[in-house]
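Okay, structure first, notes after.
The values are calculated or read from the model by the stated rules, or taken from the named source; none is laboratory data. Remember, it's a predicted structure, so these values are computed and weren't measured experimentally. A quick note on method: Cβ atoms are made from the backbone with ideal geometry, for glycine too, and the neighbour counts reach across all protein chains shown. SASA here: full protein model, heavy atoms, side chains in, ligands and nucleic acids out. Shrake-Rupley method; radii C 1.70, N 1.55, O 1.52, S 1.80 Å.
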Amino acid sequence: MHPDENLRVDVLALLCDTRAKTADFSAGELATLRSFLCGSLDSQSPEFRQRIQAHLGKLLRRLRNAMYADWRDLCSRKEYIDTATSEGGAATPKLLLMRSQATDLTNSLAMKRDFMQWLCDETVAALFPGCSFQRATSKLALMQAILLSQDPVTNAAEMDGAAARTLLALLGNNTHQPNRDAALHMLVRYLPAELPGTCMQDIHGLLGAAIARLNDVRSHESETAATIVRIVFAKYVLRSGVFLNLSDAHALRSENDDPAVFFIRQFVMLLKAIIDVAKSNLYRSSTTSPIHGLFRTLRGLLSEIDFTSELVQSNLSVVRSFRVVH
């Protein structure tokens, strides 16, 4: 690999950008891209990493356009082949040509799909616990670009499942707030309504572990727990309408309760309990029941709610009691 970073970025630009929107990739180009990406995303230079990310967005768009063009051409060839085969008769030169082109298009699609799968696997595998700041920042930006460019031709389901597990793990071990915010944004906005590969029992376990960490005196632990609670709230309570109980002590609800209102009310009750502890013994409150985690949790939950929605308008009296926390 050439030691001059500017020259390497210029070569990457030539590979990622082209005048023809559906220009195809050669096997050599994809091999060169693999070699470049393996050794360049951990650079210590912020400018170099930013220039790479800009070109990678163009790369993914070009790759998607090329795959769509191959798929379109393959469908037209298959349609001709099926029609000609159903009519019977000898194989004409045109039919043989169509079959040859269909085989070439299938191989071309497989080559680009393999590259996309490698890119997804490489991105997820690079975000291991304890990875460097440069690696985490670059790979998170690349993962976001991949999720934005997903389409039915690529193997999106595997990327979603692996990305969800990796991002949840990153929330717990990465202390750099911008990286944690990026992980939260992708988990809530880009991945499916429910976390791939998880059942409701897993979600209850995840929520229970997060609640246990809310009272941790270490801000990193309590903020991680607050972020996980926010993800569960956005995906399962708001989108799926699931009633989630924090514990048996807070499991009572009325017949007309909304899942979101019921969920937030339980955290308000926990907050009131901690405030009562602080009123009676401030030292105990600061050492065993800090309030920071719950405030961060309620702020995150309320930020997910649209205050002009029908949900808020139909529960105005309850929402007004939450506004003091927001």
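Pairs of Cα atoms nearer than 8 Å and 6+ residues apart set the relative contact order; for the range 1-63 it is 54 percent.
The order of the peptides 218-231, 129-142 by mean Cβ neighbours within 10 Å, most packed first, is 218-231, 129-142. Per the Cα gyration tensor, the range 253-295 maps to an equivalent ellipsoid with semi-axes of 27, 10, 5 Å, ordered largest to smallest.
Calculation over all alpha carbon pairs of the range 1-156 in 5 angstrom steps from 0 returns a P(r) of 1, 8, 16, 18, 17, 12, 9, 6, 5, 4, 2, 1, 0 percent. Based on C-alpha pairs under 8 angstrom that are at least 6 apart in sequence, the chain has a relative contact order of 12 percent. As I understand it, the value is the acute angle between the Cα axis of helix 292-303 and the longest principal axis of the Cα atoms of the chain; what does it come to in degrees, rounded to 10? For 292-303 against the chain, the angle is about 60 degrees. For the range 15-89, a Kirkwood radius taken over Cα pairs fed into Stokes-Einstein (25 °C, viscosity 0.890 mPa s) yields D = 165 µm²/s.
Helical content of the chain, expressed as a calculated mean residue ellipticity at 222 nm, amounts to -23000 deg cm²/dmol (DSSP H runs of 4 or more residues, -39,500 (n - 2.57) each, divided by residue number, nearest 500). Here the chain has 54 percent of its accessible surface on carbon and sulfur atoms, given a 1.4 Å probe and all protein chains in place. Could you tell me how many degrees, from 0 to 90 and to the nearest 10, lie between the Cα long axis of helix 46-87 and the main elongation axis, the longest principal axis, of the Cα atoms of the chain? Approximately 60 degrees, to the nearest 10. Here the Karplus relation 6.51 cos²θ - 1.76 cosθ + 1.60, evaluated at θ = phi - 60°, turns the backbone of the range 224-238 into coupling constants of 4, 4, 4, 5, 5, 4, 5, 5, 4, 4, 5, 8, 9, 7, 6 Hz, with x for every Gly and Pro. Rolling a 1.4 Å probe across the protein heavy atoms gives the range 1-98 an accessible surface of 60 Å² per residue.
Taking the Cα centre of the chain as reference, the dipole from Cβ charges on Lys and Arg (+1) and Asp and Glu (-1) amounts to some 660 debye.
Altogether, the Stokes-Einstein calculation at 25 °C and 0.890 mPa s, with the Kirkwood radius of the range 55-99 over Cα pairs as Rh, returns a diffusion coefficient of 200 µm²/s. Angle between the Cα long axis of helix 156-173 and the longest principal axis of the chain, 0 to 90 degrees, nearest 10? With both axes taken from Cα atoms, the answer is about 40 degrees.
Between the listed residues Val277, Leu7, Asn65, the Cα displaced farthest toward the positive end of the dipole of the chain, a dipole computed from Cβ unit charges relative to the Cα centre, is found at Val277. Peptides 170-177, 77-84 ranked from most to least packed by the mean count of surrounding Cβ atoms within 10 Å: 170-177, 77-84.
Based on Cα atoms of the chain, Rg over Rh with Rh as the Kirkwood radius reads 1.11. Relative to the Cα centre, the charge distribution of the range 1-147, modelled as +1 at Lys and Arg Cβ and -1 at Asp and Glu Cβ, gives a dipole magnitude of about 280 debye. For Lys21, the lysines whose Cα falls under 24 Å of its own Cα, not counting residues fewer than eight places away in the same chain, are Lys58, Lys78, Lys112.
Distance from the alpha carbon centroid of the range 191-248 to that of the range 37-71 works out to 33 angstrom.
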